[in-house]
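Before any comments, here is the structure.
The values are calculated or read from the model by the stated rules, or taken from the named source; none is laboratory data. The structure displayed is predicted, hence computed values, not measured ones. Neighbour counts are summed over all protein chains in view; Cβ atoms, including those assigned to glycine, are modelled from backbone coordinates with ideal geometry. Heads up: the accessible areas ignore ligands, DNA and RNA and are worked out on the full protein's heavy atoms, side chains in. Shrake-Rupley method; radii C 1.70, N 1.55, O 1.52, S 1.80 Å.
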Amino acid sequence: MTHSPLSYEDVVDAIHTLESNGRPVGARSVHDVLKTGSMTTIQKHLVRWREEKARVVPSDLPGSLQREILSFVTSEVKKAQNHLEGLLEEGRAALDEALRTGDELEQRLMVQEQESEARTLRIAEQADQIRHLEIRQAECQERETREREEAHSLREELARATLRLEELPRIRKSLEELTQKLDQEKEARTAAEKDSAVSRALLAEKASSHKPTGRA
């Protein structure tokens, strides 16, 4: 919803209200009555009101008094105009400052947006690095678990090999004892075979000596 611009008649009505209440007429007091409008517009209408009021000086007054009144009104109007021009200049300066501040804020906002984008990119890169490191860590933990299991298996095999090595002297001794027994058995068998051969020869000789000759 837009508001209609403040008219000259609105300002005059507010001035009449102030005068009827015995209050001084000024841009601030008029604005207090109207509750709207810019101070620059109100001041412009006040200048017009004072100029018109100066032109309706009663004609029955002495000429010198009329001139003094007109001089006073003209001076007041000039002061009001100077004040209005000062306000306008201040408004222009404030507008220029606001525009300059706005440009600076816009530039600063652009820089901040660029920095924010750069931070977002760095955060994304760091997140990728973290994920990569987490994957590497999981792989290392898995490899460590496998190596630990392999080391455990190797330790068990080493323990079994150590036991076998510890049993080796006893096995070697048992083997030597068995070898000695086998050699003894071989020697005994050889001796027995020799004794058997001798016995068979003696028996054969004895049997030959007792065989009849066949003569009468």
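Taking the Cα centre of the chain as reference, the dipole from Cβ charges on Lys and Arg (+1) and Asp and Glu (-1) amounts to some 1800 debye.
Accessible surface of H31, taken over heavy atoms with a 1.4 Å probe and every protein chain present, rounds to 50 Å². Per residue, the solvent-accessible area of the chain (1.4 Å probe, heavy atoms of protein chains only, all protein chains present) comes to 83 Å². As a length-normalised measure over Cα pairs under 8 Å and 6 or more apart, the relative contact order of the chain settles at 10 percent. Summing charges over neighbours of I171, with a neighbour being any other residue whose Cβ is under 11 Å away from its Cβ, gives 0 when K and R count +1 and D and E count -1.
For the chain, the residue among G37, A192, S75 whose Cα projects farthest onto the positive side of the dipole built from Cβ charges is A192. Between E115 and L203, the contour length at 0.36 nm per residue exceeds the alpha carbon distance by 19.2 nm. Taking the charge dipole of the chain about its Cα centre, with +1 at Lys and Arg Cβ atoms and -1 at Asp and Glu Cβ atoms, the residue from L87, L65, Q137 reaching farthest to the positive side is Q137.
Check the chain and count each lysine pair with an alpha-carbon distance under 19 angstrom, considering only pairs eight or more places apart or from different chains. Taking the Cα cut-off of 19 Å, the pair count is 9. Here, region 70-109 is characterised by an Rg to Rh ratio of 1.41, where Rg is the alpha-carbon radius of gyration and Rh the Kirkwood radius. Computed per residue of the chain from DSSP H runs no shorter than four, each worth -39500 (n - 2.57), the mean residue ellipticity at 222 nm is -32000 deg cm²/dmol.
For region 24-175, the spherically averaged projection of the C-alpha convex hull amounts to 18.9 nm². Place +1 on the Cβ of every Lys and Arg and -1 on the Cβ of every Asp and Glu in the chain, take the dipole about the Cα centre, and give the residue among A151, L46, Y8 whose Cα lies farthest towards its positive end. Going by the charge dipole, the pick is A151.
Here region 4-44 is assigned +1 on the Cβ of each Lys and Arg and -1 on the Cβ of each Asp and Glu. Its dipole about the Cα centre then comes out at about 180 debye. This model, with +1 at the C-beta of Lys and Arg and -1 at the C-beta of Asp and Glu, gives region 102-142 a dipole about its Cα centre of some 200 debye. Taking the accessible area of the chain, probe 1.4 Å, and keeping the other protein chains in place, the carbon and sulfur fraction comes to 55%.
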